[in-house]
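Q: My questions will all concern the structure given below.
Every number here is computed from the coordinates shown, using simple stated rules; none is lab data. Small disclaimer: the values here were computed from a predicted structure and weren't measured. All Cβ positions, even for glycine, are placed from backbone atoms using ideal geometry, and neighbour counts span all protein chains on display.
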């Protein structure tokens, strides 16, 4: 098994640039391309959402299949095929318009589609039917989040002997434990794996079906997107009811950090910012700060610390902690900018704060990619007070731009940011541990004091932060190791496979 190129089939709800609502889409793209560069045969299966521009991406008809869906009968699906931008990755798109030709990927107006269980069970079973029809014989089927979690269930039940020479191993990656795919138990009739799997160590969850829990029970191996999050999801505070299931698989659970896209996020070549700069010569960062202040209507003051937030304005991201501390934070001698959208209360709250404190606070709502780049380049500090953060990417981008993260020490934030050491001047940012407004305020106060009173420390922190790299190449090598381990485990467990 060691050394040979592996056949990997990815199954997921998102993949940039075709369909993306969050970090999952970027992760699929980055990991798939990095694995292909290592020489592996990587293919991805996605829903063919109505928003995907098939002509733009050159998607073409591959084949038609009928997918067995238990009590729903066999559903006809067209499969489209195309190439992922870059080199070496083929993507297949499952087209079933009654399920996927809709305005949103998961729902609309903040509400998930009521048939999401069926929509993503179809994705999972269609992916396996497609693989069998094309004779792909993957070594590993890599399922991502609850949307693809029925794949390990199927590989351990109905498709245990469905791929010719060998049964593929499965790897389930949990990108966000909060979303688990919980549906009424009549979904068991659609899954069609048998009611014997509806119990507390398998798919059953308070008399409902929990697809992620079933995937955790059946996957050959599990991982999540940072070492700290892999520890956290074994506990009730982070596992949302299935910590026991995760602990049962503790020996099979690994944490692997996501990588960052340094082609997109590079201050030396970023055309969206006022001036390019590098870790060897960061002097033009001052021009980016001045540009950001002017763009957002703040007085252009070079000597004041400027804090930035680019985030979904939701409780997971600790935005309520920021709101609670905001009045006191703005009482410090600093400036603050915010970009994002989210919970209904957030916009009027921060908008009102900006009107009251126009000299020190400015905000914009929605998502503006150009402004996000300007904030990450122009700010001195980047604030992420998350209650939980499986991996996080913006703190990685911020460090590359010499913008020091101020983060809660959770999940990937804890793993990627090194806390400032007053004695050695080591570190890449500032961390706090309690999910409280007071802890956030105190840490911003600490960073502000350092800015004003420890210029040599600031230079050392910026230099160290800009030198950090979190690459998809490094992540892909760790995934390769997991794939080989999973394939070996599957062979041992199924010697006839």
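Q: Work out the FRET efficiency for residue 207 and residue 234 from their Cβ-Cβ distance, taking R0 = 25 Å, and round it to the nearest 0.05.
A: Working: r = 24 Å, r/R0 = 0.97.
According to the calculation, E is roughly 0.55.
Q: Express in nm, to one decimal, how much length is gained between residue 189 and residue 60 on full extension, taking 0.36 nm for each residue of separation and deducting their alpha carbon distance. Each step should come with its number before you reach the end.
A: Values: separation 129, 0.36 × 129 = 46.44 nm, distance 3.29 nm.
My answer for the length gained is 43.1 nm.
Q: Of all DSSP beta bridges located in the chain, what percent are antiparallel, nearest 5? It would help to have the intermediate numbers written out before the result.
A: Details: 21 of 71 bridges.
Here the antiparallel bridges make up roughly 30 percent for the chain.
Q: Let me ask you something else. Tell me whether region 154-197 comes out rounded, prolate or oblate; compute the Cα gyration tensor, take square roots of the eigenvalues as a ≥ b ≥ c, and use a/c under 1.5 as the rounded threshold. Don't skip to the answer; put the middle values down first.
A: Details: a/c = 3.65, a/b = 1.27, b/c = 2.88.
Note, shape of region 154-197 comes out oblate.
Q: List residues of region 1-29, by number, whose backbone nitrogen lies under 12 Å from a label position 7 Å along Cα→C-beta of residue 53.
A: The answer is 18.
Q: Based on the Cβ-Cβ distance from residue 369 to residue 324, what FRET efficiency comes out when R0 is 22 Å, to the nearest 0.05? Don't jump to the answer; show the numbers that get you there.
A: Values: r = 29 Å, r/R0 = 1.32.
Efficiency computed from Cβ-Cβ geometry: 0.15.
Q: Tell me which label goes with the value of Rg and Dmax of the Cα atoms in Å computed from the coordinates here: (i) 23.6, 72; (ii) 21.7, 67; (iii) 23.2, 68.
A: (i)
Q: Let me ask something else about it. Find the percent of Cα-Cα distances in region 1-65 that exceed 20 Å, and round it to a whole number. Intermediate values should be presented prior to the final figure.
A: Numbers: 740 of 2080 pairs.
Summing the P(r) tail past 20 Å for region 1-65 gives 36 percent.
Q: Quick check on region 54-170: take the gyration tensor over C-alpha atoms, sort the square-rooted eigenvalues as a ≥ b ≥ c, and tell me if it's rounded (a/c under 1.5), prolate or oblate.
A: Values: a/c = 1.58, a/b = 1.16, b/c = 1.37.
The shape class here is oblate.
Q: Taking 8 Å as the Cα distance limit and 6 or more residues as the minimum spacing, I'd like the relative contact order of the chain as a percentage. All intermediate terms of the calculation are to be shown ahead of the outcome.
A: On the way: 1015 pairs, mean separation 64.5, N = 497.
Rounded, it is 13 percent for the chain.
Q: For residue 196 paired with residue 454, estimate the spin-label separation in nm (one decimal), with each label point 7 Å from Cα along the Cα-to-Cβ line.
A: About 6.2 nm separates the two model spin labels.
Q: Modelled label-to-label distance, residue 302 and residue 178, 7 Å Cα→beta-carbon offset: nm?
A: 4.1 nm
Q: Also: Counting alpha carbon pairs within less than 8 Å and at least 6 residues apart, what relative contact order, in whole percent, applies to region 285-469?
A: Working: 354 pairs, mean separation 40.3, N = 185.
Over region 285-469, the number comes to 22 percent.
Q: As an exercise, use a Förster radius of 45 Å and the Cβ-Cβ distance of residue 286 and residue 489 to find the FRET efficiency, rounded to the nearest 0.05. Walk me through the intermediate numbers first.
A: Values: r = 54 Å, r/R0 = 1.20.
Calculated value: 0.25.
Q: Is the shape of region 285-469 rounded, prolate or oblate, going by the alpha carbon gyration tensor and its root eigenvalues a ≥ b ≥ c, with a/c under 1.5 for rounded and a/b larger than b/c for prolate?
A: Numbers: a/c = 1.42, a/b = 1.18, b/c = 1.21.
Taking the square roots of the gyration eigenvalues as a ≥ b ≥ c, region 285-469 is rounded.
Q: When only C-alpha pairs under 8 Å and at least 6 residues apart count, what is the relative contact order of region 116-157, in percent? Walk me through the numbers on the way to the answer.
A: Working: 21 pairs, mean separation 20.8, N = 42.
For region 116-157, the relative contact order is 49 percent.
Q: Still on this model: Taking the Cα-to-Cβ direction at residue 421 and at residue 275 and moving 7 Å from each Cα, how far apart do the two end points lie in nm?
A: It works out to 3.3 nm between the two label points.
Q: Next question. Quick check on the chain: helices-only [θ] at 222 nm, where DSSP H runs of length 4 and up contribute -39,500 (n - 2.57) each and the sum goes over total residues. Nearest 500, please. Each step should come with its number before you reach the end.
A: Numbers: 18 runs with 181 residues, N = 497.
It lands at -10500 deg cm²/dmol.
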